[in-house]
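Below is one structure, written out as structure tokens, with a few remarks after it.
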Amino acid sequence: MTLVKDAPVRPAGKRSAAPAAGRRGRRRENLAGYLFMSPWIAGFLLLTAGPMIASLYYAFTSYNLFTPPQWVGLDNFTTMFQDPRWQKSVEVTLTYVVVATPLKLLLALGVALLLAQKRRGQGLYRAAFYMPSLIGASVSVGFVWRALFSDDAVVDRTQKIFGLDVGGWIGNPDYVIYALVALSIWQFGAPMVIFLAGLKQVPQELYEAAEVDGAGPLRRFWNITLPMISPVLFFNVLLESIHAFQVFGSAYVVSDTRCGPADATLVYTCYLYQKGFKEAQMGFASAMAWTLVVAVALVTAVLFWSQKKWVHYEEAAK
């Protein structure tokens, strides 16, 4: 016969002490986490979420910053869609986005392909090509750009050597937008770095197998490189398109705060700034801002919908 000793019975209070202490510890950890996050939360609520909610309300009001807002419903949107200058700003912005974004990405990809090859001084070349992206958004660069493209400046004298006598681009309504496009293209460093990271992830075995099969450089680029970096390409297209819709500083500074001549550089945000802060029509400007938000959201949705046809992910391939 086997004798089994009864196991000691623990008091009920001691049995629940450990889980209770664990819960209290988790509460203290959560409290500490929220305490460290509180500056960001306060900044988000006061500087981002709060102004966004307020601007959404102002979009349906007549508000000039000096008198209480008055509810006008959809009048701001109706007036905006009928405004010829608003239509001009949409035209200028779409021209800028359609021209600047592809050219900037093409140059970034081309330079990334060159820098992906192993050569001496590779780090120095990468830093030099990335440098314009660090200083390109500054006001000083805008002044320099305006000086370069003014009458009888460097660009004007250079094009005269090739028989092109169109004068300075800054004062020419037909060419000034392309000065902004050139400034955007010059700042290709950020997408270039992202392309470089994507190119480093392409297996070299694919290139070796394609070379054995007799594929040339162009065919290897089209059939291997582009499909393999398509997620990175999609990310760059999405990011640069959104940035292009938001262009303001370069257009405002290069045009000497006039967004001209003849509204040739009247990008959407420049006209929004004029209506909101120069003409004190904050309700109209808020309506413009939310229209831009909806437009960018639609463009983003179209890009995400289209990625199913040209973006290739490894998980989907498996």
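Below are the figures for this structure:
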| item | result |
| --- | --- |
| Over the chain: helical MRE at 222 nm, DSSP H runs n ≥ 4 each giving -39500 (n - 2.57), nearest 500 | -20500 deg cm²/dmol |
| Computed E for Phe162/Glu91 - FRET, C-beta separation, R0 35 angstrom, nearest 0.05 | 0.75 |
| Relative packing of 152-159, 191-198, which averages over residues the other C-beta atoms within 10 Å, highest first | 191-198, 152-159 |
| Sequence ranges 82-92, 276-286, ranked by mean other-Cβ count within 10 angstrom, highest first | 276-286, 82-92 |
| Additional length obtainable on full extension of the chain from Asp174 to Met131, 0.36 nm per residue less Cα span | 12.5 nm |
| Phi to ³J(HN,Hα) by Karplus 6.51 cos²θ - 1.76 cosθ + 1.60 over the range 275-287, Hz, x for Gly, Pro | 5, x, 10, 8, 9, 6, 9, 5, x, 5, 5, 5, 4 |
| Approximate spin-label separation Arg120-Leu226, in nm, with each point projected 7 Å along Cα-to-Cβ | 3.6 |
| The chain, relative contact order [Cα under 8 Å, separation at least 6], % | 26 |
| Relative contact order for the range 226-283, counting Cα pairs under 8 Å that sit 6 or more residues apart, in percent | 22 |
| Added length on full extension, which subtracts the Cα-Cα distance from 0.36 nm per residue, Thr300 to Arg219 | 26.1 nm |
| Estimated FRET transfer efficiency (Leu106, Phe36; beta-carbon r; R0 30 Å; 0.05) | 0.10 |
| Angle in degrees between helix 176-186 and the longest Cα principal axis of the chain, rounded to the nearest 10 | 40 |
| Theoretical gain in end-to-end length, Trp310 to Asp256 [0.36 nm per residue, Cα-Cα removed] | 15.3 nm |
| Shape metrics for the range 173-297, restricted to C-alpha atoms - Rg then Dmax, Å | 20.7, 67 |
| Amide proton proximity set for Ser62, modelled H, under 5 Å, gap of 5+ | Gln70, Trp71, Val72 |
| Relative packing of peptides 70-76, 181-187 - highest average C-beta neighbours within 10 Å first | 181-187, 70-76 |
| Share of Cα-Cα pairs in the chain lying beyond 29 Å, as whole percent | 58 |
| Nearest-0.05 FRET efficiency for Met52 and Val144, computed from C-beta distance (R0 35 Å) | 0.55 |
| Dipole magnitude of the range 60-139, debye to nearest 20 (Cβ charges: Lys/Arg +1, Asp/Glu -1, about Cα centre) | 780 |
| Accessible surface of the chain [probe 1.4 Å, protein heavy atoms]: carbon and sulfur percent | 66 |
| Backbone N within the range 235-252 under 15 Å of label point (7 Å from Val98 Cα along the Cβ vector) | 245 |
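The values are calculated or read from the model by the stated rules, or taken from the named source; none is laboratory data. Owing to the predicted nature of the structure, the values given are computational and were not obtained by experimental measurement. Please note: Cβ atoms are built from the backbone with ideal geometry, for glycine as well, and neighbour counts cover all protein chains shown. Please note that ligands, DNA and RNA were not included when accessible areas were found on the heavy atoms of the full protein model with its side chains. Shrake-Rupley method; radii C 1.70, N 1.55, O 1.52, S 1.80 Å.
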